[in-house]
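Asks: Provided herewith is a single structure, encoded as structure tokens, for subsequent inquiry.
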There are 2 protein chains.
Amino acid sequence: MSGTNKRRITSKELAKLAGVSSATISRAFSPDSRIGRATRERILAVAREYGYQPNAIARSLNNQRSRLVALVVNAIGNPCEAEEQQLLVHRLQARQLLPIILCCADHSDRLQLMRLASTYQVDHVVIFSDMVSMQDAVDIFHTTKPIIVSFEPLENENVSSIRIDGSKAADEIIDKIVRDGKKRFAYLSGTNSSWIDKLRRGWFAEALAKRGLTFEAQAVGDYSYDSGFKEAVLLMHRDKVGAIICGNDVMAIGARDAARRVLGKSTPDDIAIVGQDGIAMAAWDCNDLTTLSLDHVAFIDAVVELIERHDAGIDGPHSITLTCTPRWGSTA
Amino acid sequence: MSGTNKRRITSKELAKLAGVSSATISRAFSPDSRIGRATRERILAVAREYGYQPNAIARSLNNQRSRLVALVVNAIGNPCEAEEQQLLVHRLQARQLLPIILCCADHSDRLQLMRLASTYQVDHVVIFSDMVSMQDAVDIFHTTKPIIVSFEPLENENVSSIRIDGSKAADEIIDKIVRDGKKRFAYLSGTNSSWIDKLRRGWFAEALAKRGLTFEAQAVGDYSYDSGFKEAVLLMHRDKVGAIICGNDVMAIGARDAARRVLGKSTPDDIAIVGQDGIAMAAWDCNDLTTLSLDHVAFIDAVVELIERHDAGIDGPHSITLTCTPRWGSTA
DNA sequence: CTCCTCTGTGTAATCGTGTGCACAATTCAC
DNA sequence: GTGAATTGTGCACACGATTACACAGAGGAG
């Protein structure tokens, strides 16, 4: 039981020990299969004694079902994704699904990594990263039925997707800032090449347009605190903007710190700063960010629902749309 | 190539298409095996055309080598672990190893989950969580040769471990605070039941004892910002302490916010606050925490080195010790 | 020219489970 | 008491790749 048995015992060996065939061993571990009650109990007892557990690799090969799920993410540490990752991992584990994390900075490495994961016959793929194109995903995981991608607006019959709509929340936030008298707006992107960035900026741009305004300045960071800090200094100093809409909460926190420490400005009077995501840290007392927030639980519920439809074999593409709400803090 | 081939092509089918045997297919994908140059190139071309990739599950079954690594963590979002997780995941992926994340709040669920992962014949296990006892780990993964556990001070021949020594850094920090005139110290634990908490507290307690001092107050949080905030209010209000040593950086940030917002105290003059971990967020301008910090890169280097010794088949237990250094901020 | 080495490929066994089929034993219906 | 339905178990194959062994042919040494 405890101790260092170097090699794991197999079902055939256990069969010999229990005086049955290996088929019967297998049945003892399959909840609904024809097997005598007494036999099963005896087998389970012997199995416990010798520390036997069916080999999931062999089972997967036979089943054509690995119970592995690939999660493609931009980063593990980044708080805006981390909360969702954490929730999803818990939900998967509750379903006896094991998550494999794919996380890569470089683009070609990422594709390579996705190819490697597809080799492991993962049952599902959840793509959190906006750095991978839908076409690449479909090509690489062509065998894993439709894929679940978050955000991307394109239609593709082999992909299930989750759409986010933040236009109403963005409108409310812009409304407040404009009524506070701000006129010059800047948008601070997290990256210049992703559709999610374009999408988010679009919500705010539309809200501004409705009021005859536009973004007077733009900047591009990398979703990090440091980049938020640095770019905000430039935007305030050089472009004299009165409001900065940031691509995520972490950059917004950096921007707020820059306003306070470098330029001695306070929010929301001197400058308005808005984040996006609604991470827990945004609600910390030291931050108290105004942000366009997405309900993470609802988001993950949606992912899990898509996975379940998948498992149930309901085919065709599926799509779920979620709407954002504002979180009002002291920065706008 | 692109498109929705529902079923993945097998090596036997590809063999027929290429006019060779399936053994030759296999050889074409094994870098150093006896095969004609021309044959290999032809096979690889046909494979590309039909989107063939060897099935890693089948290969694992045959090889007795899954190239999967189980990472047991307390939480994914928690910044103090996240940076290390991120680093490790990258390093593993560079070695073509795939990480499976095991993350569970409840204790019995966690053991269940570890049993499930062991079923997948993982090649290595890295335990970041201080919530799992070494004995449980050895019992569950008895087949995975020695396991890698971080921190735990116990000796066990089936486990490789990484030890952390923060006593010297703690001494330097306490020295500074005492010279600043502080007399009443409190320790704010992240959990009351783990050896890592005892270990960390011990470093500071020892440094205090050397100076004839002791912790006058104690509190227990849960490593979260909120718990740091709440407990710090009590410690300052009720116990009138002049310094709080926190179990991690996130609680220290909460404590610092509590001092500033609830009690109107400023650091380090009114109160000294010390964190532990040295996460990136501690260095953000809005936090600027004094903290006992561990070099994450060195830490992960050590983990990877243990994994490599493992792979090389060097058996016996291995142990690596790392020392912490202070990071000086404006909170102590 | 003969023998020997080396290269390239096919055959067949193996890794550990799951499951359709066959068959014996038991139970049930009438 | 006989035929039919049900239950419990074993046999054998499949899942998809790797690899030891065998063998044919090419090339080199003498």
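Asks: Just checking: which of the helices (runs of 4 or more DSSP H) contained wholly in the range B:1-116 hold 2 or more residues that are at pLDDT below 95 and closer than 22 Å to residue A:88 by Cβ?
Replies: Details: elements: B:11-18, B:22-29, B:37-50, B:56-63, B:79-94.
Correct list: B:79-94.
Asks: Here is a further query. If residue A:276 passes every condition in (1) within 24 Å of residue A:87 (Cβ to Cβ); (2) modelled with pLDDT of 95 or more; (3) within 14 Å of another protein chain (Cβ to nearest Cβ) but one, which one does it miss?
Replies: (3)
Asks: Can you tell me which condition residue B:241 does not meet? The list is (1) assigned to a loop (DSSP other than H, G, I, E, B); (2) open to solvent by 10 Å² or more (accessible area, probe 1.4 Å), and all the others hold.
Replies: Here residue B:241 clears every test but (2).
Asks: Also: Looking at (1) farther than 24 Å from residue A:317 by Cα; (2) of a type in the set (D, E, K, R); (3) more than 7 Å from every other protein chain (Cβ to nearest Cβ); (4) open to solvent by 40 Å² or more (accessible area, probe 1.4 Å), find the lone condition where residue A:83 falls short.
Replies: That leaves (3) as the condition not met.
Asks: For residue B:116, are the conditions met, namely being of a type outside the set (D, E, K, R) and open to solvent by less than 20 Å² (accessible area, probe 1.4 Å)? Show your work before the answer.
Replies: Values: of a type outside the set (D, E, K, R): yes; open to solvent by less than 20 Å² (accessible area, probe 1.4 Å): no.
No.
Asks: Need pairs with beta-carbon distance below 6 Å; first residue modelled with pLDDT under 85 and in a helix (DSSP H, G or I) and within the range B:132-146, second surrounded by fewer than 18 Cβ atoms within 10 Å (Cβ to Cβ) and of a type in the set (A, V, I, L, M, F, W, C); sequence gap 6+ or separate chains.
Replies: Cβ pairs passing all conditions: B:134/B:154.
Asks: Do the conditions hold for residue B:220, that is, is it open to solvent by less than 60 Å² (accessible area, probe 1.4 Å) and either more than 30 Å from residue B:143 (Cβ to Cβ) or of a type outside the set (Gly, Ala, Ser) (or both)?
Replies: On the way: open to solvent by less than 60 Å² (accessible area, probe 1.4 Å): no; either more than 30 Å from residue B:143 (Cβ to Cβ) or of a type outside the set (Gly, Ala, Ser) (or both): yes.
Considered against the rule, which asks whether it is open to solvent by less than 60 Å² (accessible area, probe 1.4 Å) and either more than 30 Å from residue B:143 (Cβ to Cβ) or of a type outside the set (Gly, Ala, Ser) (or both), residue B:220 comes out as no.
Asks: Suppose we filter the range A:33-72 for residues that are near DNA strand D (Cβ under 9 Å from one of its atoms), of a type in the set (Gly, Ala, Ser) and either on the phi > 0 side of the Ramachandran plot or more than 14 Å from chain B (Cβ to nearest Cβ) (or both); how many remain?
Replies: Number of matching residues: 3.
Asks: Test each condition in (1) away from DNA strand C (no atom under 16 Å from the Cβ); (2) crowded, with 18+ Cβ neighbours inside 10 Å; (3) over 37 Å from the mean Cα position of the chain (by Cα) for residue B:72 and report the one that comes out false.
Replies: The one condition residue B:72 does not meet is (3).
Asks: Suppose we filter the range B:291-310 for residues that are touching a residue at least 40 places away in the same chain (Cβ under 8 Å) and over 30 Å from residue B:330 (Cα atoms); how many remain?
Replies: 7
Asks: State the number of residues belonging to the range B:41-69 that are in contact with a Phe, Trp or Tyr (Cβ under 7 Å, 6 or more places away or on another chain) and open to solvent by 20 Å² or more (accessible area, probe 1.4 Å). Talk me through it step by step, then tell me what you get.
Replies: If we filter the range B:41-69 for residues that are in contact with a Phe, Trp or Tyr (Cβ under 7 Å, 6 or more places away or on another chain), which is where we start, we get B:54, B:56-57, B:66, B:68.
Filter once more, so that each one left must be open to solvent by 20 Å² or more (accessible area, probe 1.4 Å): B:54.
Number satisfying all stated conditions: 1.
Asks: Identify, please: which residue in the range A:248-265 is among the β-branched types (Val, Ile, Thr) and part of a helix (DSSP H, G or I) and is, among those, farthest from the other protein chains (Cβ to nearest Cβ)? Quick ask: steps written out before the conclusion?
Replies: Here is the first cut: in the range A:248-265, the residues among the β-branched types (Val, Ile, Thr) are A:250, A:253, A:262.
Filter once more, keeping what is part of a helix (DSSP H, G or I): A:250, A:253.
Numbers: A:250: 9, A:253: 7 Å.
Checked the range A:248-265; the qualifying residue farthest from the other protein chains (Cβ to nearest Cβ) is A:250.
Asks: Given A:269, A:257, which one is at pLDDT 90 or above and within 21 Å of residue A:221 (Cα to Cα)? First the steps, then the outcome.
Replies: On the way: A:269 fails: within 21 Å of residue A:221 (Cα to Cα).
Among A:269, A:257, only A:257 is at pLDDT 90 or above and within 21 Å of residue A:221 (Cα to Cα).
Asks: Same structure again: Tell me the strands (runs of 3 or more DSSP E) entirely within the range B:266-332 that contain at least 1 residues that are among the hydrophobic types (A, V, I, L, M, F, W, C) and under 22 Å from residue B:180 (Cα atoms). Spell out the reasoning first.
Replies: Details: elements: B:272-277, B:290-293, B:319-323, B:325-327.
Where strands (runs of 3 or more DSSP E) fall fully within the range B:266-332 and carry at least 1 residues being among the hydrophobic types (A, V, I, L, M, F, W, C) and under 22 Å from residue B:180 (Cα atoms), they are B:272-277, B:290-293.
Asks: Out of the residues in the range B:91-112 that are at the interface with chain A (Cβ under 8 Å from one of its Cβ atoms) and under 17 Å from residue B:57 (Cα atoms), which is most open to solvent (accessible area, probe 1.4 Å)?
Replies: The extreme case among them is B:96.
Asks: While we're here: Is it the case that residue A:321 is open to solvent by 20 Å² or more (accessible area, probe 1.4 Å), out of contact with any Pro (no Cβ under 6 Å at 6 or more places or on another chain) and at pLDDT 95 or above?
Replies: Working: open to solvent by 20 Å² or more (accessible area, probe 1.4 Å): yes; out of contact with any Pro (no Cβ under 6 Å at 6 or more places or on another chain): yes; at pLDDT 95 or above: no.
Considered against the rule, which asks whether it is open to solvent by 20 Å² or more (accessible area, probe 1.4 Å), out of contact with any Pro (no Cβ under 6 Å at 6 or more places or on another chain) and at pLDDT 95 or above, residue A:321 comes out as no.
Asks: What number of residues within the range A:114-125 satisfy the criterion of being touching a helix residue (DSSP H, G or I) at 6+ places or on another chain (Cβ under 6 Å) and either of a type in the set (A, V, I, L, M, F, W, C) or farther than 27 Å from residue B:7 by Cβ (or both)?
Replies: Narrowing the range A:114-125 to residues touching a helix residue (DSSP H, G or I) at 6+ places or on another chain (Cβ under 6 Å): A:114-115, A:118-121, A:124.
Keeping just the survivors that are either of a type in the set (A, V, I, L, M, F, W, C) or farther than 27 Å from residue B:7 by Cβ (or both) gives A:114.
Number satisfying all stated conditions: 1.
Asks: For the range B:22-40, give me each residue that is open to solvent by 60 Å² or more (accessible area, probe 1.4 Å) and within 9 Å of DNA strand C (Cβ to nearest atom).
Replies: Within the range B:22-40, B:26, B:27, B:34, B:37, B:38 qualify.
Asks: Looking at this structure, is residue B:117 assigned by TED's automatic domain parsing to the domain that holds residue B:144, closer than 30 Å to residue B:279 by Cα and within 16 Å of DNA strand C (Cβ to nearest atom)?
Replies: Against the criterion (assigned by TED's automatic domain parsing to the domain that holds residue B:144, closer than 30 Å to residue B:279 by Cα and within 16 Å of DNA strand C (Cβ to nearest atom)), residue B:117 qualifies.
Asks: If you don't mind, another one. Anything in the range B:3-15 that is more than 8 Å from DNA strand D (Cβ to nearest atom) and loosely packed, with under 11 Cβ neighbours inside 10 Å? List them, or say none. Reasoning before the result, please.
Replies: Step one: of the range B:3-15, the residues more than 8 Å from DNA strand D (Cβ to nearest atom) are B:3-6, B:15.
B:3, B:6 - these are the residues of the range B:3-15 that are more than 8 Å from DNA strand D (Cβ to nearest atom) and loosely packed, with under 11 Cβ neighbours inside 10 Å.
The values are calculated or read from the model by the stated rules, or taken from the named source; none is laboratory data. Computed from a predicted structure; not experimentally measured. Note that each Cβ is placed from the backbone with ideal geometry, even for glycine, and that neighbours are counted across all protein chains shown. Only protein heavy atoms, including side chains, enter the accessible area calculation; ligands, DNA and RNA are left aside. Shrake-Rupley method; radii C 1.70, N 1.55, O 1.52, S 1.80 Å.
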